[in-house]
1. Out of segment 223-264, which residues are open to solvent by less than 60 Å² (accessible area, probe 1.4 Å), of a type in the set (Val, Ile, Thr) and within 22 Å of THR18 (Cα to Cα)?
2. Could you tell me which of the residues THR106, THR96 is surrounded by fewer than 17 Cβ atoms within 10 Å (Cβ to Cβ), within 19 Å of SER339 (Cα to Cα) and over 18 Å from the mean Cα position of the chain (by Cα)?
3. Out of ARG170, ARG182, ARG177, ARG193, I need the residue that is of a type in the set (D, E, K, R) and within 22 Å of the chain's Cα centre (by Cα). Which one?
4. I'd like to verify a number: residues in segment 6-29 that are open to solvent by less than 30 Å² (accessible area, probe 1.4 Å) and more than 21 Å from ARG251 (Cβ to Cβ), how many?
5. Select, from TRP258, TRP219, the only residue that is part of a loop (DSSP other than H, G, I, E, B) and farther than 23 Å from GLN89 by Cβ.
6. Do we have any residue at all in segment 75-93 that's open to solvent by less than 40 Å² (accessible area, probe 1.4 Å), more than 27 Å from MET25 (Cα to Cα) and either at pLDDT 95 or above or part of a strand (DSSP E or B) (or both)?
7. Would you please list the contacts, defined by Cβ atoms under 6 Å and residues six or more apart or on different chains, that run from a residue in segment 85-113 that is among the acidic types (Asp, Glu) to a residue that is surrounded by fewer than 18 Cβ atoms within 10 Å (Cβ to Cβ)?
Amino acid sequence: MFCYNPLDYASRRAELSTEQWVDVMRQARRMGAAQLGFSGGEPLLRDDLEELIAEGHRLGFYTNLITSGVGLTETRLARMKECGLDHIQLSFQDSTREMNDFLSHTKTFKLKSRVAALIKQYDYPMVLNVVLHRYNLEHVGRIIEMALAMGVDYLELANTQYYGWGLLNRAQLMPTREQLERAEAVVNDYRARLGNKVRILFVIPDYFEKRPKACMNGWGSVFLAVAADGSALPCHAAQSIPGMVFPNVTREGLREIWYDSAAFKRFRGDAWMKEPCRTCPDKEKDFGGCRCQALALTGDAANADPVCDKSPQHGLMQKIVMRAQAQQEQGQQPMVFRSDANSLKLSQAK
């Protein structure tokens with residue numbers, strides 16, 4: 001269960017039952033899976049989350065909750081602790097109520113702050129995640145100070161990766177290279193001062209790199225996500241690739257899905273690769289990069305990820321980055337916030 005809402009998520013209402021989720025977890029454990037992540041959307045919307053955590057713990061999984069904090073009361077957190085939840089990652093959008101609530105399109109800053117205190121109270125490592133972009137990169141120092149005041153152990157500053165709602169709002173969110181460099185300098189200064197007291201991860205946006213990330217450590221290699229409706233996915237954004245049919249755990253077993261489904265085999269290994277990936281000495285390191293990004297930027301999921309400077313389409317990335325500077329000079333465009341209303345509009349527009 002992982003956080004990657006498709007644009008048309010509001011039109012998808014079916015969800016697995018408690019019994020179906022338990023069956024999926026048991027199948028995964030028999031196959032040797034060791035880590036179980038609960039996310040969404042927002043996993044706390046499920047009244048049976050504590051029951052699922054307890055079953056995951058009983059099966060021997062390392063369990064992780066990725067949450068906005070909305071719905072996490074002390075009563076629920078105490079119960080999750082009893083059920084054996086191992087780890088919690090809490091998301092913020094910025095260091096002030098005004099910016100956090102604007103960027104999340106909710107009034108949740110005070111709530112998140114209370115949840116952060118509860119997480120510390122119940123002796124969990126304090127793990128915060130803040131997604132960075134044009135609106136908040138200049139605030140990275142204040143964000144780090146907020147995290148330190150909360151007693152953070154691990155802070156993930158993850159620059160926006162442009163899929164789904166991020167891709168839809170790319171023109172509004174894309175920073176300039178100068179903004180990114182200033183923010184990274186601030187992060188490095190804090191790292192030098194803090195040493196090993198706090199781990200700060202700063203994830204550079206792909207668009208500013210010259211080599212692609214090893215997306216999911218290779219398609220269909222180590223990762224399997226099960227969406228709320230039971231769709232089994234080799235990566236979070238896989239459903240953005242048109243023409244692919246993904247198996248569903250309500251109709252097929254996990255072992256069959258993992259080893260035999262056409263979707264999981266489609267980009268596994270290197271037989272699918274075109275040049276320059278096919279003969280590239282780095283193909284066993286980066287696996288050709290991200291299939292969803294290749295699709296979004298070149299129109300073909302089998303192309304080399306254009307992040308790579310060996311890709312014939314690498315110039316696309318450079319143009320987008322240069323365009324970000326011009327767009328900032330022209331002024332902000334309104335963002336399309338993730339909401340049921342906007343999701344339904346996008347679904348109907350297909």
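The values are calculated or read from the model by the stated rules, or taken from the named source; none is laboratory data. This structure is a prediction, so every number in the text was calculated from the model and none was measured. Note: ideal-geometry Cβ built from the backbone for every residue, glycine included; neighbour counts use all protein chains shown. Accessible surface is based on the protein model in full, side chains and every heavy atom, while ligands, DNA and RNA are left aside. Shrake-Rupley method; radii C 1.70, N 1.55, O 1.52, S 1.80 Å.
1. VAL226, VAL249, ILE257
2. Details: THR96 fails: within 19 Å of SER339 (Cα to Cα).
Going through THR106, THR96 in turn, the sole match is THR106.
3. Numbers: ARG182 fails: within 22 Å of the chain's Cα centre (by Cα); ARG177 fails: within 22 Å of the chain's Cα centre (by Cα); ARG193 fails: within 22 Å of the chain's Cα centre (by Cα).
Being of a type in the set (D, E, K, R) and within 22 Å of the chain's Cα centre (by Cα) holds for just one of ARG170, ARG182, ARG177, ARG193, which is ARG170.
4. Count: 2.
5. Values: TRP258 fails: part of a loop (DSSP other than H, G, I, E, B).
TRP219 is the lone residue from the list that is part of a loop (DSSP other than H, G, I, E, B) and farther than 23 Å from GLN89 by Cβ.
6. yes
7. Every condition considered, the pairs that remain are ASP86/TYR62; ASP101/LYS107.
Conditions tested, residue by residue: (1) buried (at least 20 other Cβ atoms within 10 Å of the Cβ); (2) among the charged types (D, E, K, R); (3) in contact (Cβ under 8 Å) with a residue 40 or more places away in the chain.
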residue: MET31; (1), (2), (3): no, no, yes
residue: ALA34; (1), (2), (3): no, no, no
residue: LEU52; (1), (2), (3): yes, no, no
residue: LEU59; (1), (2), (3): no, no, no
residue: ASN64; (1), (2), (3): no, no, no
